[in-house]
Amino acid sequence: MSTASARVHASIDQGTTTALEASFPILEVSQVAEQESWRKEINRPLYHIHKWWATRLGSVFRAITLAALSPPGQDQWAGFYRHHSFTGKVVLDPFMGSGTTLGEALKLGAKAVGCDINPVSSFLVRQALTPVPEEALRAAFAALEAEVAPEIRRYYQTRDPDTGSLIPIMYAFWVKVVDTPCGEEVPLFARYIFSQDAYPKKKPRAQIVCPSCWSVSEDRYDAQAITCGGCGYHFNPQEGPASGQTLTTRQGRSYKIKELLPKKGPPRHRLYALMAMRPDGEKIYLSARPEDRALYDEAARRLATEDIPLPTFAVRPGHNTDQARGYNYHAWRDFFNARQLLCFGLLLRAVTHIEDCAVREQLLCLFSSTLEFNNLFCSFKGEGTGAVRHMFSNHILKPERTPLENSVWGTSRSSGTFASLFESRLLRAKRYLDEPFELRLEADLLGGRARSSKVVASAPIAPILTQNWEETAASRTSAALILNGNSAQLPLPNGVVDAIITDPPYFDFVHYSELSDFFFAWLSPVLKEKYPFFARENSFAKGEVQNKDPITFARHLGLVFSECRRVLKDEGVLAFSFHHSRPEGWAAIYRALADAGLTVVAAHPVHAELRAASPKAAAKDPISLDAILVCRKQAVVHPKPYSVPAILAETAAHSLTLRAGGLSLSRSDQFVIAAARALIAAGHENLTFDEMARRLETIQSILLEGQPLPLQAA
């Protein structure tokens, strides 16, 4: 990375009170953020102790928080890797999500206040920020391993055909089956190749199931015609009976799959293959045999007799759940097969018996995190990569036609199991509390990026978790106040917050509470007595900001922003990250701020997401930038009159800076930059929603034409 600091400066007005209003090291932060985004769960493990959606990058929020608490004129990048102690400063996040803002504020020595309307968020952030000795966690894990792991492992074993010995199952492969009116049972395979390498041209070996006798054989991933060694059946493994929304029987009849679903309950599943592990660590694929199905049936019978905690809540209708409900998944327990329910119930019962409250809740958090990788909506990613594609790889709960059953407790080579996540998620997060690090990019002899290293630039994160504002204000040491509720009504006095740093929910169809109900259904029964916010039927709460209607979204967000204005000091800033591909999303942000009496005074584009991350890779023109919108109660910088050429010139300047540093920008990224500049220009105009949307539509149409942007306004 070049030592020349690439920054875009704003003129420092006499009323400017923070460095964030004046400038921001967009290139340096974006380069580090891009590196972080490749393995977020490793580079910022604290915020990935449990699943949350749209988790933002810690390096970006460190830079934002540092600039928001620093006076103007300071070289922000020079201070990025220094230790700081903003003692007495208070940072608020009204949409705390996974807790990124809170963690970064605490690392900088400030007090942190976080609030979220979702109970799962409040619980997971509390667990993330709670220091618990590793030896205490390991002791509790060892006790669980002695008590319940043998029971779970017993249901995940098969017989090695070469030795006759029992060996552990890593993964079980299932397929949904439906019955046709002509009496044929049809598996919903799109193709009969169920396992191949992530780089098949280098490693062409693939596993194939025979549609006639269900035996497993090995051939090339691109084979077009094979003969089953078990029964002699000839078939094309690339062509299964299911294609899109229809299936074709062996007799050539076609049916709509939805019309063949059972009237009650989800479709049946058939177990057809296993991946098992030999004592030397070798992984082998096996056909499912009668003994394997008998073991599953034994688990199902035991489930009917056990008194274990299981989810009882219904799946409520919604954009994110309707597709699952369309396949008759109407209860959250339907998302698991009988063996998974038994093993999770046994594990949860054992976890709830742990006496130490802090340790128990850490392992409850781990238990909940494990659910994401162990259910009937998971699938197999293939060899040479993380094997389990978790259930939230789509932002809707999409029924999986060929689900992968993980082994719950896991083996030494498993991923996404209770044992593997204990090491890779829980302990890694606890170690980060003790030694919070930043990524530093190092250059090679030619000035290019060679590698990244870890730099400890903060004291250990060890906050007192306070119960109310009075305790937080009185604390003379690091403190965090974690709240649950509507941030339009915060239990804070007027003017006590120095900076508000957040990432508001999207105006879109993705409703976090519809998805978080999956975890809530398991956590609520065991946590509702201690945490009243779990004592309800689902994780929805009145006042949620997320909404598919931009006007409603703007109104709800405006109420939260109004409350933020109340608790913010006059000299403080509200800064938040935002991106959207549609003008209506930006117009909604503009109206929410205007209605709250806040004005955008600066905007800084930074790298936000890994461009290839699913489901973003499916977009024709993906967004990888966030705009950091910096707002004040009173505008201290009077913006220039609205001018499309001026906005396009500013967009070109920012784009040039980022591209010069090696970042690739799409036209949608350029729209993010331009839309943010348009919000600044409209700061004093009090435009209607429609007026702002039309301005943004004009800018977007020019960008979509693909013409080179002017570097200077005409």
Any idea which of Asp444, Asp434 is over 18 Å from Leu274 (Cβ atoms), surrounded by fewer than 18 Cβ atoms within 10 Å (Cβ to Cβ) and either at pLDDT 95 or above or of a type in the set (Ser, Thr, Tyr) (or both)?
-> Asp434
Hits in region 342-358 - residues which are open to solvent by 10 Å² or more (accessible area, probe 1.4 Å) and part of a helix (DSSP H, G or I) = Arg349, Thr352, Cys357, Ala358
So which residues in region 658-704 are more than 17 Å from Thr599 (Cα to Cα), touching a Ser or Thr at 6+ places or on another chain (Cβ under 9 Å), in a helix (DSSP H, G or I) and of a type outside the set (A, V, I, L, M, F, W, C), if there are any at all?
-> Ser668, Asp669, Gln670, Gln700
Asp498 vs (1) more than 30 Å from Arg325 (Cβ to Cβ); (2) at pLDDT below 95; (3) charged (D, E, K, R): all pass except (2)
Residue satisfying condition, being open to solvent by 40 Å² or more (accessible area, probe 1.4 Å), more than 35 Å from the chain's Cα centre (by Cα) and within 30 Å of Arg153 (Cα to Cα), within set Arg301, Arg253 | Arg301
Residues Ser487, Ser513: which one is under 23 Å from Ala128 (Cβ atoms), within 24 Å of the chain's Cα centre (by Cα), assigned to a loop (DSSP other than H, G, I, E, B) and among the polar types (S, T, N, Q)?
-> Ser487
Unmet criterion (only one of (1) closer than 19 Å to Ala488 by Cβ; (2) within 24 Å of the chain's Cα centre (by Cα); (3) touching a residue at least 60 places away in the same chain (Cβ under 8 Å)) for Ser581 = (1)
Listed by first then second residue, the pairs whose first member lies in region 532-559 and is over 19 Å from Gly585 (Cα atoms), whose partner is surrounded by fewer than 18 Cβ atoms within 10 Å (Cβ to Cβ) and basic (Lys, Arg), with beta carbons under 7 Å and at least 6 positions apart or on separate chains, are Phe534/Lys528; Ala535/Lys528; Asn538/Arg316
Would you point out which residue out of Arg159, Arg138, Arg154, Arg191 is modelled with pLDDT of 95 or more, of a type in the set (Lys, Arg) and in contact with a Pro (Cβ under 9 Å, 6 or more places away or on another chain)?
-> Arg191
Considering region 128-167, residues that are open to solvent by 70 Å² or more (accessible area, probe 1.4 Å) and among the charged types (D, E, K, R), and then whichever is farthest from Val408 (Cα to Cα), we arrive at Asp162
Report yes if Ser478 is touching a Leu at 6+ places or on another chain (Cβ under 9 Å), open to solvent by less than 50 Å² (accessible area, probe 1.4 Å), within 30 Å of Arg582 (Cα to Cα) and not hydrophobic (A, V, I, L, M, F, W, C), otherwise no.
-> no
For region 70-94, name all the residues that are surrounded by fewer than 24 Cβ atoms within 10 Å (Cβ to Cβ) and among the hydrophobic types (A, V, I, L, M, F, W, C).
-> Trp77, Ala78, Phe80, Phe86
Scanning region 304-325 for residues that are outside any loop (DSSP other than H, G, I, E, B), open to solvent by 30 Å² or more (accessible area, probe 1.4 Å) and at pLDDT 95 or above gives Ala314, Arg325
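So that you can scan it fast, the table gives a plain yes or no per residue for (1) under 29 Å from Ala338 (Cα atoms); (2) within 32 Å of the chain's Cα centre (by Cα):
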{"position": "Lys201", "(1), (2)": "no, yes"}
{"position": "Ser212", "(1), (2)": "yes, no"}
{"position": "Val216", "(1), (2)": "yes, no"}
{"position": "Gly229", "(1), (2)": "no, no"}
{"position": "Phe235", "(1), (2)": "no, no"}
{"position": "Thr248", "(1), (2)": "no, no"}
Any idea which of (1) open to solvent by 10 Å² or more (accessible area, probe 1.4 Å); (2) in contact with a strand residue (DSSP E or B) (Cβ under 7 Å, 6 or more places away or on another chain); (3) assigned to a loop (DSSP other than H, G, I, E, B); (4) within 30 Å of Ser524 (Cα to Cα) is the one Ala54 doesn't satisfy?
-> (2)
What tally of residues in region 681-697 results from selecting those that are more than 17 Å from Arg555 (Cα to Cα) and modelled with pLDDT under 95?
-> 5
Is it the case that some residue within region 565-578 is in contact with a Leu (Cβ under 7 Å, 6 or more places away or on another chain), basic (Lys, Arg) and within 30 Å of Leu108 (Cα to Cα)?
-> yes
Tell me which residues, restricted to region 493-508, are outside any strand (DSSP E or B) and either among the β-branched types (Val, Ile, Thr) or in contact with a Cys (Cβ under 9 Å, 6 or more places away or on another chain) (or both).
-> Val496
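Let's see how each residue does on (1) over 23 Å from the mean Cα position of the chain (by Cα); (2) modelled with pLDDT of 95 or more; (3) open to solvent by 10 Å² or more (accessible area, probe 1.4 Å):
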{"site": "Trp522", "(1), (2), (3)": "no, yes, no"}
{"site": "Pro525", "(1), (2), (3)": "yes, yes, yes"}
{"site": "Asn538", "(1), (2), (3)": "no, yes, yes"}
{"site": "Ala587", "(1), (2), (3)": "yes, yes, no"}
{"site": "Arg591", "(1), (2), (3)": "yes, yes, yes"}
Mind listing whichever residues of region 651-692 are within 22 Å of Arg582 (Cβ to Cβ), touching a Leu at 6+ places or on another chain (Cβ under 7 Å) and open to solvent by 50 Å² or more (accessible area, probe 1.4 Å)?
-> Arg667
When region 279-303 is examined, which residues are found to be part of a loop (DSSP other than H, G, I, E, B) and among the basic types (Lys, Arg)?
-> Arg289
Out of region 168-199, which residues are open to solvent by 10 Å² or more (accessible area, probe 1.4 Å) and among the aliphatic types (A, V, I, L, M)?
-> Ala190, Ile193, Ala198
Residue under evaluation Phe373, criteria (1) in contact (Cβ under 8 Å) with a residue 60 or more places away in the chain; (2) open to solvent by less than 40 Å² (accessible area, probe 1.4 Å), criterion not met = (1)
Expected output for region 146-170 (first residue within 30 Å of His353 (Cβ to Cβ), partner modelled with pLDDT under 95 and among the β-branched types (Val, Ile, Thr), Cβ below 9 Å, 6+ apart or cross-chain) is Arg153/Thr411; Tyr156/Thr411; Pro168/Thr411; Ile169/Thr411; Met170/Thr411
Any idea which of Glu529, Glu544, Glu470 is assigned to a loop (DSSP other than H, G, I, E, B), farther than 30 Å from Ala19 by Cβ, acidic (Asp, Glu) and open to solvent by 60 Å² or more (accessible area, probe 1.4 Å)?
-> Glu529
Leading residue by the ranking (nearest to Pro94 (Cα to Cα)) among those in region 550-568 that are of a type in the set (A, V, I, L, M) and out of contact with any strand residue (DSSP E or B) (no Cβ under 8 Å at 6 or more places or on another chain) = Val560
Just name the residue that is modelled with the lowest pLDDT out of those in region 603-633 that are among the small types (Gly, Ala, Ser) and surrounded by 24 or more Cβ atoms within 10 Å (Cβ to Cβ).
-> Ala608
Total residues in region 25-50, condition aliphatic (A, V, I, L, M) and farther than 23 Å from Leu364 by Cα = 5
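The values are calculated or read from the model by the stated rules, or taken from the named source; none is laboratory data. Please read these numbers as outputs of a predicted model, since none were measured by experiment. Don't worry about glycine lacking a Cβ; one is built from the backbone with ideal geometry, like all the others, and counts go over all protein chains shown. Just the protein is used for accessible areas: all its heavy atoms, side chains included, with ligands, DNA and RNA removed. Shrake-Rupley method; radii C 1.70, N 1.55, O 1.52, S 1.80 Å.
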